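Novice: Got a structure for you, questions after.
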Amino acid sequence: MAYYWYKAFHLIGVVVWFAGLFYLVRLFVYHAEASQQPEPAQTILKNQYEIMEKRLYHIITMPGMVVTVAMAIGLLTTEPEVLKSGWLHIKLAFVVALLGYHFYCGYLMRKLAAGECKWSGQQFRALNEAPTVLLVVIVLLAVFKNSLPTDITAWGIFALVIFMAASIQLYAKKRRRDAEKRLAESQRKNDEMTGQLST
């Protein structure tokens, strides 16, 4: 019975943890892009994002991580023989990478709060895709274990990374085009007003 309790809360922890990580870096995107706003909007937005990031990291993301890891340890105590499995060693390596990502996000959060982070919104968008790749690999290993088809999985992960990189680039181009259109429209309206005033 202990195994099922550990597994249930492990899954709950994973959901909470990943939800926090996905949203946290999305806030970093908005925080970085707030620098493009005029004052006083820039300061107001940065202060608000700083509050949201700290609350999300300490109240949701960190507890989700702690529950996930604690329940995973509990699961291993119920099945210690699984520690000899190769698939688990690979999975644990990806979990260690995820933990590194988690704490690196905490570091970036502090740098943003201090006004010392030079990352752009585009760079944060790319960073936000990392946990997606880790999540896919970790879940596949947990489900398939030693039966995971490595060739198909490797090509699938490669295709996923290419798709995400292309999506980020296409979205960046769309944002640039939209900004150029807004600028052109604003210039056109200014020219019209200038023309009306001169007549």
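Every number in this text was worked out from the coordinates using simple rules, so none of it is lab data. On a predicted model such as this, the values are computed, not experimentally measured, just so you know. Cβ sites come from the backbone with ideal geometry, for glycine too, and all protein chains shown count toward neighbours.
Novice: At q = 0.10, 0.11, 0.16, 0.20 Å⁻¹, what log₁₀ I(q)/I(0) does the range 64-192 have when each alpha carbon counts as one equal point scatterer in the Debye sum?
Specialist: Taken in order of the listed q values, log10 I(q)/I(0) reads -0.52, -0.60, -0.98, -1.21.
Novice: Starting from the eigenvalues of the Cα gyration tensor, five times each then square-rooted, give me the equivalent ellipsoid semi-axes of the range 1-86, largest first, whole Å.
Specialist: After diagonalising the Cα gyration tensor, the semi-axes are 39, 11, 8 Å.
Novice: Could you tally the net charge around residue 172, taking each other residue with its Cβ under 14 Å from the Cβ of residue 172, Lys/Arg +1 and Asp/Glu -1?
Specialist: +2
Novice: Return 150, 78 ranked ascending by Cβ neighbour count within 10 Å, so the fewest neighbours appear first. Walk me through the numbers before you get to the answer.
Specialist: Details: 150 9, 78 14.
So the ranking, lowest neighbour count to highest, is 150, 78.
Novice: A further question on this structure: Normalise the Debye intensity by I(0) for the range 85-144, one equal point scatterer per Cα, no solvent, then take log10 at q = 0.28 Å⁻¹ and round to two decimals.
Specialist: Each listed q corresponds, in turn, to -1.14.
Novice: When only Cα pairs under 8 Å and 6 or more residues apart are kept, what is the percent relative contact order across the range 1-149? Could the numbers behind the result be given before it?
Specialist: Working: 135 pairs, mean separation 54.6, N = 149.
Averaging sequence separation for qualifying contacts and normalising by length gives 37 percent for the range 1-149.
Novice: For the chain, how many pairs of lysine residues have a Cα-Cα distance under 17 Å, where the two are 8 or more positions apart or belong to different chains?
Specialist: Qualifying lysine pairs in the chain: 10.
Novice: Follow-up question, since we're still on this one. Take the alpha carbon gyration tensor of the range 2-148, find the square roots of its eigenvalues, order them as a ≥ b ≥ c, and report rounded if a/c is under 1.5; if not, report prolate when a/b exceeds b/c, else oblate.
Specialist: prolate
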